[in-house]
Structures are given as structure tokens and as C-alpha cells.
């Protein structure tokens, strides 16, 4: 960690960023070639939220949330704060007060490969958080980290300004430069799925809807009684 | 894995199968001699569901859901699809589309020692799922497995046609041949507990209700001030 | 384990105990110097409960809940039953029947570094439980343990009569002798946070509210474009 | 669990069973189509052992090793004892005394999806064990289970008499009926690998040895500077 | 945590303490009634050590090893340093330098419910350590904790001066006041096991050596072919 | 993942790279400001190895080792192959054959946030590997990934050509551009520690060697009897 705060970052077209919120994590992950998904330990602290936004990235030392305070000031409406501690601990890095500050700036959510606390208050505020842990364990505010440098978080590299999409399935990141093309691919996928859904609801099976029978036969599947 | 689909399986008497749904997992587990419980990692993706059904069993290669597509066609109303991947991964094997197909056939739920995705949609549809993981990570459809051969899932052997009972406590399996006797034992247990419950609610303690005091004294329990 | 039940324990002033319920775990943990928090694996079985009470402590052998039955009788209104099994297993030590007995005595909740079952019923009854596991796996009632001796639970020593506070963030314990001073410290903290909250909601950042800028400059933080 | 001991089980041809010991787990797993591997949590308690043998299977209640005592008598020279507790706990089911009894009967090793103890003594005796845990936590001897019924262990179904192969990579099971054909497939694989090994040692890369370049080009791999 | 160092602690009779080293953890755990065992995550960093000693106990804040430095001075020959961080993290609290200081004072080993580093050097020095983790992650030296107050460590309460026994199976603690009686019970157990061992080595099975057959028959065990 | 192989990467001065091997992971981690350490789950498959080398980085799809085959060709003497699968699974990505190829090219070791197999053979060959898992579970060779793009691995960003240092404590990465200055800082630290070590071995305590007493007094540490 360098002790650097990058103030000016490029973000994707706001309309593109916003459009991702309706799509959901699974669709985005598939549409960009099964890529960009954070590890499954990153889960929502309450069910039902679905957001997209531009990543403001933060590297923090384990058990120290000083740089999250620094990062708040770098956030603008439509952003998602993404935090990566440099080691695994049971600390709660975010609480209701920081969430209030983020919320007042129009920040849409918070993602961390670590713990958060005040989850009852966060749920009540409707401020969505994806974390690997819930814990009230207090942090210190002692050491520097970085804001808006590329980070890794739960198995994915995230650049500031990348598009972050999060829902009950987890969190996926779309590189800023690919946001347009991934959005297009998502919509194509959605259209296709919508057609299939009707057929499934009507009782058809995917072996027919997706034309899987010949391939199964070729692989040697045997039906017995 | 053999690449085999058994089309005709024996199921328990539908009235017996259905009766289990009111009983709950803990009761069934106790009534069959503290047996049949899947490992605690198998949990519901949303709270409040309680089902019973006949097992359609599926073995799948890790990260591959082709055979789940095959299995859908083998399901009938009143079944529960139970899936066992052959290794631990973070893939999401079931999503909303397959659930729509299962739901349209009257399948009551889905159990997997692995991941599922689209959990917000599944909750909205009211299609209950018990899994060890939530993850949007996409699978492939490449390799064969088996449908309706005996499987092991989260520490239990399950034969096709066995009765599966699932609620917020987890999942328990009742061998088909024992369904009648276990159901009877459950009802006996329920009756007994119902009587006890009234006494507990009235302020009595189990030391008296269950007559535990003599045994405690014999074991040497000492009360001090 | 000794096979001892201590019947008379000192509790903190009921008004003090009750006052903690409004404060929340994170506040209490901070106000007593970031101390007393149980490990993060101890989580509520359903969201939204917040309680405080006097600890009745129980040591139980792994997979055996006999002493929980014994402990029920030692509980009075305003207590929280805290249970520590002597090894890690997937057993469910508490179910709806014991909870009914506890509830009828005015016990406010149950904390265990182990499993519980009947969680749907517990949620419906509104009897709050914090546990490391949900599992229907049945216990036996065979071996003695202790009631109201000091225990350790999920990384904290708990004396009978200590104040236990629990909410969606987890569980924290306050030594009985410090209950007054910790309560005072909590209230001071709450007042301070309340003032800060208004400023955050109005758009101020913690760098200003908490006066962090000089320290950041001194540490060498660099802002770049 | 039934409380049943099957005394007479079919075993594979001893020469075939013994031949597997030289092959290693990875080779056997691959040669039978990437099947039969127990979950990765099953690891050797000391490095360097490599065995094969006929499975004697045991189902035990969690924390109870009574049936292991029963099973010892059913073992003969060349067997491997495979034990599956019905729930996850930290108990140590096998110690040096049972190992002495097994060793005196010519049993080649012990596999358990649970804990073992006296590991220093077991290492000194040269009695190899694969387990998910090392723990001195004592068991009881109270409840019945089964010997030589089909079990599931760490994600695999094992029939009594199946061939178990174990080394530093873990444990794989070969169904008895397939032992001959899998052995042949292993030998073929070994021969092929032996040829490849010489080429790799001489500096060739697998892109050439395995002829992977055309497929990479077809998939669109790009080499840049 | 109080910031207190207790300088004078009572230790058990040195001959008694030393005698435990030959017995091993499993024997001690059994002989004191299956009690006192630390959780299975506490494992030796290298195989083959077996020690006993008097506990010097330390509470440390998560990620801070200042109090370990303080504790070194309170150790004398024959002691074992036992450290309990107040939360779970991946820090390495002990390295080769502190081990050198401990070793020069005649300290016999180190037990921690947390991480240690320099494990190659510790192995080379022959300074045995039992920990839940190996990690080079550096700590800070900022906050106070306590030395020689009662602690909890990995599920057990440990008083300063209690006897700690550790080997490849893990770590067990014997309360100081019971050291004599537990030692006697251990020796009795050892004698009994020694007799049994000879019979097992000669091919007898425990069903006969321990006289288990009548109980099995009574429980209803069935032998089938 | 892009399907890109970067052939030409910058490496640090070979003398600098080699010098790190004598220093060890803990020293390097501390000397660069407690940074660069991979998560503690990355551990050596056998004890005693200590290496340094230039990173060749590989992104692979979960359960697919095709790109490791591709990467071998990009390695030269003095390199360390560092592999990051895009999701968590129990596959074994590296075996003895690839290790033979790597070894013949002078590659010094292999680091992966995933599984490896043939660990007995790797130990015998003396080819050191740091992994999060040992598993024989076979991979496929189907999908593209990247070689020598920046990756994240177990919580750290690694650029191709960065210096990787690994020993029994784990793995640390030094950015190529900082290799010189970190090496200098390491040597300074080593010199200081060497002086301290002599004093510790002579019985001095760190409270004096490091001059910690005044700070302890100031923090309010109390010594009691």
C-alpha cells in the first residue's frame, strides 16, 4: 500500500451503469463469458437488494478503516464503494455512521471482503452491503492504504470506475471498457431467456427447448427402466 | 458415473409422502432413531418453506449441470430433485429457468450439496431450495452423470423414491420402505410433545415433565449456593 | 466438568441490565474498550431481535443437552441462557420445547457456541437465539456438566450474572461489576454519535467531523489526479 | 442405521487389489474416468504411505466408536477399514489400541470422514490413516451402527469389498466389479505417461507432447509481446 | 482486558508437571473424564514434540503482540506460554526472536489460538508450538492485554499455573488443583492399556478384551451373511 | 479472461531476485511495510523449501489447466509459476508431469490458490509447491485464460516479473520496481535482528532490548502480585 488517493477516475456512461441494475448478477456473469464473479463468501447482509454502480476502490490494512473514511469523500452519486483488506480478520469495517455519509452522497452500496456491523440499522436505512462477515469487532484508524488504485477483492481485479453489479446471488464486476458490449450481450441473453421461460412454464423441458437430445445420445446416455 | 437414466422408480404412497410435510425435519429425524439427516451445510435459501416429496436423484460431475436438465423430464408432481455433484466447487447448478420447468411439473423443491443462483427469483416464485452455497458461477453442459441411481448427498445415501423432508432446520431422508412406520412414529412423538408443550408453557420444567431428577441424582449432580 | 449447579448468583441492577437492550452490540463493544465480543460465528437465527439479560451459564458435554434441562430451572425473568459445549459438533442442543419452558419463565434469549433446531418455530414464537449453527441433529441426555460456573463461550469468559447483549451483529458480554460504568460510557458514545450522524446526513465527511485531516497529512497521504 | 453386521463379503482378486498400491490415487482416479475420489478434506495423518485394499465399511453414530470395535473382527489381511460417522464432530474415533488390533490382522490402513488420535504412535507403528481431522476428543461406546453395508464417505458411495487406494493425494474407491478394467486402464495410462515424462524431462513442452497447439489456435489464443 | 500483569502465580509440583510429558494428550484427556481438550484447530507446527509445563497465560488484542513481549519476563523454566487473542485474524504473533528469548529461559513451548511465523526456524531450534494457523502476517505492538489472569483459549478456561500437555494430537489442560489425581488416573489407565495392547497385538479383538459382546447382544446387534 | 499470452516480460535483476531466497517470507513482508503476503491458506505441500523467483502469472478457468500447459513454454530458469483459478474448487491443477517440464526449464516453484496432486512425487523430485489444497481431482483442458497479465492470487495483485518469495511461512510478492529497495530494507532488518538475537539468547528480554518499558508504563500497565 502506497498511501495514495486518486481523485479523478473515469466512469462508464451513467445510463449504461444504471441499466445493469435490472439484469442481475447471474445474467451479467454469463453474458461476459462466465467472468468477473467475486467469491461466493461475499453475500448480501439482507435479502432483496439489487444495484449497479461505478467502483470506488479502497485497499485497507487488516483491522484498520481509516482509508474508508478517506474514500467517502471521493465518492459521488451512483458509485459503489469496494474495499479490500490486506488480510483476513473478523473486524467490522463499516457501520451505520459511514453508511449515513455514503448514503447522503448518493452512493448505492458497499462491497467488502471482510466484516461489517450495525446490520440492523443498515437494513432499516436500506443501504445495501455485500460482505464476507457480520461482526461488531471494532477497527482502528491508524494506517494508510490506497483509494482508487486497482485492487483485488475476493478473487477479482477491480479498477476504479469498473461497473459493479450486486444482488442476492453475489457481486460481479464488469471492466469499464467492456460495459457497453456486456450490456448488449446481457440484453440479448435476457430476450432469449424470456422466450425459453414461457416454454418452460408451459411444461416443455430444456432437452427440447435447448435441443440437447442429440448431444446426449452422442455422449452415450442410456435410458433404462 | 455411468450415463444412466432410470425412468421407472417406485415412490411411497402419496398420502404418506404428503403427511410428512406437516411434521418437520427435527421430528422426522428423531422418530426414525436420529437418522437420515443431511449435513448442516445444507440450508434453505429463504426462510419459511416446509416440504416433503419423493426423491429423484442425480449425480453430476463438478461444475456441470447437463444431467439436471435430463432429470427434469423424469420428475413428476410431488417429487423433490436431489443433486449430488462429485466434488466441491462454487458453481451455481440451478437457476430460475430450470426452477420454472420443475415448478410447471409440480416438483416441490430442490436439494443440492452445491450452489444455486437466481435466489431472489426463486424466493419470489416460491420455489424452495436447500443448498450448501449461493453462487452465480456458471456451469457447463458437457458430461454425463446418472439419474435415479442411488446417490450420496451431504453424508446420507439416498435411493430414488425415498421420502425427502425439508424445512428451516435442514433436510432429512426417510427410506421408502420405512415411510409408513416412520410416519407412525412421528405422530406418536408429536402427540407426546403436544402434551409436554402445554406443561412447559404452564411453567413446569423438563426435570419434572420428563422425570429426569432421579437419574441426575444418581449421576451425582450437586446443587450448591 | 464437575456436575455442579450453583443456585444463587448475583445479577446486575435490573434497570441497568434492561438499559443495554436499546444500545446494540457494536456500541457496547466499543464503549467497554473493544472488548467482550463473542466470535463472529455466533449469529442470530432470524433477523431483528435485540436483547439484554443476565447470563445463566452452562457447560455441556458435546452432543448432550441434559444440563440445559437442568439449567432451565435456574433461570428467572430477565435472564439469558448461555451454553458452551466442550467440543465442536453439528448437534442441535435447543428446540422449541425447551424454548417454550424458557419463555414461560421470562427468559429473554439463548446463546450457544453450537447448533439449535426448530428454528421456524422459534422465529414464530419470537424467542431469539444466537448460535453457530442450525441443525436438527439430535442430542442425548446422558452426562453431567455445570450450571452457573464461569464458562468460556466463543472466545469470551462469561461469569454467571454478567450482562449479555445480543442483536443482529452478534453477542457481547459485560462483566457484572462493570455494568454501570459501561452503560455510562455507552450513553456518552451514543450522544456523540447522534451529533455526528446529523452532520453525516447533511453531507459532511468524517475527515472533517472527526478531524482526521491533519493526521492523514502527517502520515504522508498523497492526493493525485 | 440398522445394527447389522454382514460377515461374508466378496472381495476383488488379491493380485488385482495389490497391484493398485503401486499406481497412486491420481492415476486411478483418472483411469476410471475422473471418478471415485473422496473429498479433499480426507488427508493422510503422516506423509509417504501408499496402500490399496478391500473395503470393510462401517457406519457409526456421531461420537460413538462401538461399531469400529465390532468391525475389527470382520477384517482380514489385505483389508482397509472405512468409517463414516453420521454427523460432523471433532471426536477421535481411532487410537493406537484399535490400530494395534487392526495391524495384527494384516489390515493395511484406516479411512474416516472424522477424527483420529494417537497420531504420533500411529506414525511410529507405520499404520497409515486418512482422516478429516486429528483430535484427542474421546468417543463413547453406546450405540449400534452397521458393518459391511454400503456407506457413503466424504462424497462417495462405498460398497464392502470395493478397492480402496490411498496415498498423499487422498483416497479413491474403485467398485469391485470394475477393478480389473480400471487396473488395465491405469497401466495403459502409466505407460503413456512414462513416455511423456522422458520428453518433458528433456525439455519438450506439453503443447507439443500432447499436440495442443492446433486446438489453442482454434480457440483463438493470441500471443503478444 | 485490564492491562494487568500478575507476577506471582502458583504452579503444580514440578515432578508432577514433568510426569505428564510422557503420557500424551489423549491419555490425559480421558483420565480426567474426557475434559480439558482445546479445539482441534490447535495443531503442532511440526510433528513429534511432546511436552508438559505450567501455563503462563496471556490475553492479547487481535493483531497485537505487545503483551507477549511482556509475558516473556514472567516465564520461568518449565513453563508453557499460552496466548489467546480476542478475535480471529491471520496474524503471526510469535516468531523466532521471541522463541529464542523463551527458549533461553527454559520455556518448553508455546500455545496460541492464532498464527505464528518463522516456522522453519522454530522447527530447526526445536522450539515446539501449537497454533491454529501459520502466517507471516506482522502484528503491531500498541495495546495492553493481561498476563496471568484466567483466559479462555480454543474452548477451554485456563488459569495461570494449570498444567498444559501437548503433543501431535493437540493440547489438553489440567487444573492445577487436580494435577495429582489426574496423574494417578493417567498411570492407572496406562497400565490397563499396556495389558490390553499385548492382547491386541496377539490377535485378540476388543469385543473380548473389553467384554463388549453381552452389551452388543442386548442392544440387538444382528450378524448376517 | 482474454485468451492472451504475453511473451516478453521484464524481470528484476537476477542477483536481486536470488538474494531474496535467503531472507524468508516474514522478513520480506515486514521489510516492505507489512505488505504483499498471500492469504494464509496458501501453504507448502512439504516442509523445508525456501525459494525466490520471477513471477510468470496465469489466470485459469475453474477446473481447467489448459493455460498452465501454455504457460510452461513462457517460463525460463529462475521463474516461479503463479496460478489463479477464477473460482474455488477442489481440482488438482498441477501434477508430476507438468512439474517435470517446469523443472527441466529451471523453474523454481509453483504457487496456486487451488489444488495440486502427485504430492509424494513432487516432494521426491524436490519441486516445491505452495497451494491451498491437495487433491487428485482431475481438471479438463478446454478453455482459454491468460499468461503474463496482472493477476490477483489469494488476496494480492501480482504483475508478471514481480519477485515471489516462498517458504514454510507462506508466500510474499515484491513489486519488481521495488525489488532493490526492499532487498536493502531486508538486509538492514536482518542485521538488526541478528544483534537482538544474541541478546535474547543471553537471556535479555525484549522489554529491554527494544526499549518497550517506558511505553508500557505510559499506557498504564500495572504489575500486581
Cα long-axis angle, helix B:179-201 against chain B (0 to 90 degrees, to the nearest 10): 40
Copies compared at residue B:13 - label distances in nm, ascending, label defined 7 Å from Cα in the Cβ direction: 5.0, 6.6, 6.6, 7.0, 8.7
Per-residue average of Cβ from other chains inside 10 Å of F:137-144: 6
Label geometry 7 Å along the beta-carbon vector: residue C:219 inter-copy distances in nm: 1.9, 4.4, 5.3, 5.3, 6.0
16 Å reach of a label modelled at residue E:10, 7 Å along Cα-to-Cβ, counting backbone N of the range E:61-82: none
Centre separation in Å (Cα based) which lies between the range C:100-124 and the range E:75-136: 40
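Taking only DSSP H segments of four or more residues, each worth -39500 (n - 2.57), what value at 222 nm results for chain B once the sum is divided by all its residues, to the nearest 500 deg cm²/dmol?
Taken over chain B, the calculation gives -8500 deg cm²/dmol.
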Test item: E:56-67 mean partner chain Cβ contacts at 10 Å: 3
GNM result for chain E, Cα springs below 10 Å: residue of E:14, E:214, E:150 fluctuating most strongly: E:214
Average Cα contact separation per residue, chain E, under 8 Å, 6 or more apart, as relative contact order %: 29
Test item: A:35-45 mean partner chain Cβ contacts at 10 Å: 5
Rounded, prolate or oblate (a/c below 1.5 giving rounded, otherwise prolate when a/b exceeds b/c) for the range F:14-176 by Cα gyration tensor: rounded
Chain C: most fluctuating residue of C:70, C:147, C:107 per GNM, C-alpha cutoff 10 Å: C:70
Listed peptides A:37-47, B:87-97 by packing density, highest first (mean Cβ within 10 Å): B:87-97, A:37-47
Ranked packing of D:215-222, F:53-60, most packed first, by mean Cβ within 10 Å: F:53-60, D:215-222
Inter-copy spacing of residue C:125 label points, which lie 7 Å from Cα along Cα→Cβ, given in nm from shortest upward: 3.5, 3.5, 4.6, 5.3, 6.0
Isotropic mean projected area of the C-alpha convex hull, the protein assembly as shown (nm²): 46.3
Nearest beta-carbon to the B/D symmetry axis - residue in chain B, distance in Å: B:152, 2
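Bear in mind that the values in this text are calculations on the coordinates, not laboratory data. All figures in this text were calculated on a predicted structure; none of them were measured in a lab. Note: ideal-geometry Cβ built from the backbone for every residue, glycine included; neighbour counts use all protein chains shown.
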